[in-house]
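> One structure is given below, represented as structure tokens, and several questions about it will come after.
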Amino acid sequence: MAPVSIAIDGPAGAGKSTVAKRVAERLNLMYVDTGAMYRAVAYLCAQEGIDVHSERDVEAALDAHRVSFEEGEDRTLQVVVDGVNVTPRLRAPEVSALVSTVAAHPRVRQLLTEWQRAFAERHSVVMDGRDIGTVVLPHATVKVFLTAAAEERARRRQEEYRRMGYDVPLEEMVRTVVERDRKDSERSVAPLRMAEDAVRIDSTDKSIESVVDEIVQLVENAHVR
């Protein structure tokens, strides 16, 4: 049987990672957080003081370090840099601030897209990001575009930062979310947009479980289980 692929796209703070992980658990599939791959690049740049606006310097940083992606015991993607699992460090504010810039570099996106497709060829996956259904997995079994109101997404991201020990004012988070939306939507390579055959789900007033139920139902309706 060919691998099953579920693509979940959407803007920052829409709950993609949380929902994708729960869907993967429900369906016993591997969860691939593609954002973690881009965050790995941003993490390297933050650690090394790399100018993220220089595609050449970003590529040089990738060449100088050993970055690998492994399947963890909980079937989630683990990011390993030079032999150290850095997955817990990837959502720090200083890393988040660099992600959109490094993700806009065409050669970086090309390399990471190849890695993502390779995962989907070997495993049945739930993959979330911003261009999964449009670029990475255009023939995905099920495509979802998950979104929510900007203020709600900012509130969720603020709560996420609080759990990590960072106190960021809501007004600043709203500005960050809106600016991230602009950058992701306007970049020349693989911009954030909804695939024509994707199902749009607005999670503003929905619980995580209700969104998960909705996506699992889409998969079941696709007769892939």
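The values are calculated or read from the model by the stated rules, or taken from the named source; none is laboratory data. Bear in mind the structure is a predicted one, so any value in this text is a computation, not a measurement. Here Cβ is always computed from backbone atoms with ideal geometry, including for glycine, and neighbour counts include all displayed protein chains. Note: accessible area is taken over every heavy atom of the protein model, side chains too, but ligands, DNA and RNA are not part of it. Shrake-Rupley method; radii C 1.70, N 1.55, O 1.52, S 1.80 Å.
> Quick check on the range 70-82. Is at least one of its residues open to solvent by 80 Å² or more (accessible area, probe 1.4 Å), modelled with pLDDT of 90 or more and of a type in the set (D, E, K, R)?
no
> Quick one: in the range 166-225, of everything that is among the polar types (S, T, N, Q) and farther than 21 Å from residue 24 by Cβ, which residue is modelled with the highest pLDDT?
My answer is 204.
> Any idea which of 121, 114 is touching a residue at least 40 places away in the same chain (Cβ under 8 Å), open to solvent by 60 Å² or more (accessible area, probe 1.4 Å) and charged (D, E, K, R)?
On the way: 114 fails: touching a residue at least 40 places away in the same chain (Cβ under 8 Å).
Just one listed residue meets the conditions, 121.
> Contact list please: Cβ distance under 6 Å, first residue in the range 48-77 and closer than 24 Å to residue 120 by Cα, second residue of a type in the set (Ser, Thr, Tyr) and assigned to a strand (DSSP E or B), pairs at least six apart or on different chains.
76/31
> Condition first: under 19 Å from residue 63 (Cα atoms) and more than 15 Å from the chain's Cα centre (by Cα). Now tell me which residues in the range 76-107 satisfy that.
Correct list: 80, 81, 82, 83, 84, 85, 86, 105, 106, 107.
> For the range 190-199, state whether one or more residues are part of a helix (DSSP H, G or I) and either on the phi > 0 side of the Ramachandran plot or of a type outside the set (D, E, K, R) (or both).
no
> Tell me, yes or no, whether the range 160-180 has at least one residue that is open to solvent by 40 Å² or more (accessible area, probe 1.4 Å) and among the hydroxyl-bearing types (Ser, Thr, Tyr).
Within the range 160-180, one or more residues are open to solvent by 40 Å² or more (accessible area, probe 1.4 Å) and among the hydroxyl-bearing types (Ser, Thr, Tyr).
> Of all residues in the range 170-199, how many are in contact with a Phe, Trp or Tyr (Cβ under 9 Å, 6 or more places away or on another chain) and over 15 Å from residue 12 (Cα atoms)?
Count: 3.
> Return the only residue of 46, 64, 60 being surrounded by 15 or more Cβ atoms within 10 Å (Cβ to Cβ) and among the hydrophobic types (A, V, I, L, M, F, W, C). So that I can check it myself, show each step before the final result.
Working: 64 fails: surrounded by 15 or more Cβ atoms within 10 Å (Cβ to Cβ); 60 fails: surrounded by 15 or more Cβ atoms within 10 Å (Cβ to Cβ).
Answer to the check: 46.
> If you go through the range 143-158 one residue at a time, do you hit one that is loosely packed, with under 12 Cβ neighbours inside 10 Å and within 19 Å of the chain's Cα centre (by Cα)?
No; the residues of the range 143-158 include none that is loosely packed, with under 12 Cβ neighbours inside 10 Å and within 19 Å of the chain's Cα centre (by Cα).
> If you go through the range 116-128, how many residues are outside any helix (DSSP H, G or I) and at pLDDT 90 or above?
5
> Residues that are touching a helix residue (DSSP H, G or I) at 6+ places or on another chain (Cβ under 6 Å) and modelled with pLDDT under 90: does the range 7-24 have at least one?
yes
> Against the definition (in contact with a Phe, Trp or Tyr (Cβ under 7 Å, 6 or more places away or on another chain) and either among the β-branched types (Val, Ile, Thr) or in a helix (DSSP H, G or I) (or both)), how does residue 219 come out, yes or no?
No: the conditions fail for residue 219.
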